[in-house]
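Q: Below you will find the structure I want to go over with you.
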Amino acid sequence: MKRRIPLFLTAFVGIIYVVQFFVPHRPFSGLQDRLNDWVQIIAAFAIWLGALNLLKVSGDTVYKKERGWFYALVIIICFFIISVVGFFFSGTTQFQDPGTPFDWLYQNVYNPLTSTMFAMLAFYVASAAYRAFRARNREATLLLVAAFLVMLGRVPVGDAITRFLPEGYRLSNLSDWIMNVPNKAGQRAIMIGIALGTVSTSLRLILGIERGHLGGES
């Protein structure tokens, strides 16, 4: 019974969403709206559950003085600071509104930290690209040449090098062609594969074949 009820609910909700996509009329549209509201409520509880779990894991790390415990302590302190400021020091308006203390922290602390993180990731991306673009075979060589042309065409020096060529044959135009034709074709193939995988996984969930979300074997 503990497994049958969740399986029944999963199948019922999945069938409602599938039928509503093809028959967007009542009663299916009304059921979908109600289910969307329930999803938002469950998501709100899931966010709180994730936040509490983050505090628990970080607290255990600090208590046991495990490796990196100082960063866990920073997480706990920042969590309480941003929560207290958002709940109690942002006035009667929405705490996300411009001009509130919460918005000031978001714009002047969180956003710069995000920019710093992505700036650091650029070096890791460059390192990964160097390892991936080694010309070991024909396909890797083609990938290396395409990446070189795209990167060179995205900077002013690319047009400066090919300034003597007609307008449509410069590196910037070649870079745009690579991104809009072969790259977009590859992206469409990947998206089709993702869509087929999503459909197959959804059908497995609706039919009760996939039971990983119940804590059992798939």
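The values are calculated or read from the model by the stated rules, or taken from the named source; none is laboratory data. Because the structure is predicted, anything quoted here is derived from the model rather than measured. Reconstructed Cβ throughout: ideal geometry from the backbone, glycine too, with neighbour counts over all protein chains shown.
Q: Considering each of I206, I178, I161, I194 in turn, give the residue that is surrounded by fewer than 11 Cβ atoms within 10 Å (Cβ to Cβ) and among the hydrophobic types (A, V, I, L, M, F, W, C). It would help to see each step written out before you state the result.
A: Values: I206 fails: surrounded by fewer than 11 Cβ atoms within 10 Å (Cβ to Cβ); I178 fails: surrounded by fewer than 11 Cβ atoms within 10 Å (Cβ to Cβ); I161 fails: surrounded by fewer than 11 Cβ atoms within 10 Å (Cβ to Cβ).
Testing whether each residue is surrounded by fewer than 11 Cβ atoms within 10 Å (Cβ to Cβ) and among the hydrophobic types (A, V, I, L, M, F, W, C) leaves just I194.
Q: I'm trying to understand the selection: among the residues of the range 20-32, which are surrounded by 11 or more Cβ atoms within 10 Å (Cβ to Cβ) and in a helix (DSSP H, G or I)?
A: Hits for the range 20-32 are Q20, F28, S29, G30, L31, Q32.
Q: Okay, moving on. Consider only pairs whose beta carbons are under 8 Å apart and that are at least six residues apart or on different chains; among these, list those whose first residue lies in the range 49-70 and is over 18 Å from I82 (Cβ atoms) and whose second residue is of a type in the set (S, T, Y).
A: Pairs that qualify, where the first residue is over 18 Å from I82 (Cβ atoms) and the partner is of a type in the set (S, T, Y), are G68/T61; W69/T61.
Q: I would also like to ask the following. Being β-branched (V, I, T) and either farther than 30 Å from L205 by Cα or touching a helix residue (DSSP H, G or I) at 6+ places or on another chain (Cβ under 8 Å) (or both) narrows it down to one residue among I76, I41, I47, I5; which is it? I'd like the intermediate steps shown before the answer.
A: On the way: I41 fails: either farther than 30 Å from L205 by Cα or touching a helix residue (DSSP H, G or I) at 6+ places or on another chain (Cβ under 8 Å) (or both); I47 fails: either farther than 30 Å from L205 by Cα or touching a helix residue (DSSP H, G or I) at 6+ places or on another chain (Cβ under 8 Å) (or both); I5 fails: either farther than 30 Å from L205 by Cα or touching a helix residue (DSSP H, G or I) at 6+ places or on another chain (Cβ under 8 Å) (or both).
Only one candidate passes the filter, namely I76.
Q: List the number of the failed condition for G14; all other conditions in (1) at pLDDT 80 or above; (2) farther than 27 Å from R211 by Cβ; (3) not hydrophobic (A, V, I, L, M, F, W, C) hold.
A: It is condition (2) that G14 fails.
Q: Say we look at the range 168-218 and pick out the residues that are closer than 16 Å to V145 by Cα and polar (S, T, N, Q); which of these is nearest to the chain's Cα centre (by Cα)?
A: Of everything passing the filter in the range 168-218, N183 is nearest to the chain's Cα centre (by Cα).
Q: Among the listed residues R170, R204, R188, identify the single one that is of a type in the set (D, E, K, R) and at pLDDT below 85. Before the answer, list the steps.
A: On the way: R204 fails: at pLDDT below 85; R188 fails: at pLDDT below 85.
The unique qualifying residue is R170.
Q: If we only count helices (runs of 4 or more DSSP H) wholly inside the range 41-138, which ones have 2 or more residues that are of a type in the set (D, E, K, R)? Steps first, answer last, please.
A: Working: elements: 69-88, 101-105, 111-132.
So the answer is none; nothing clears 2.
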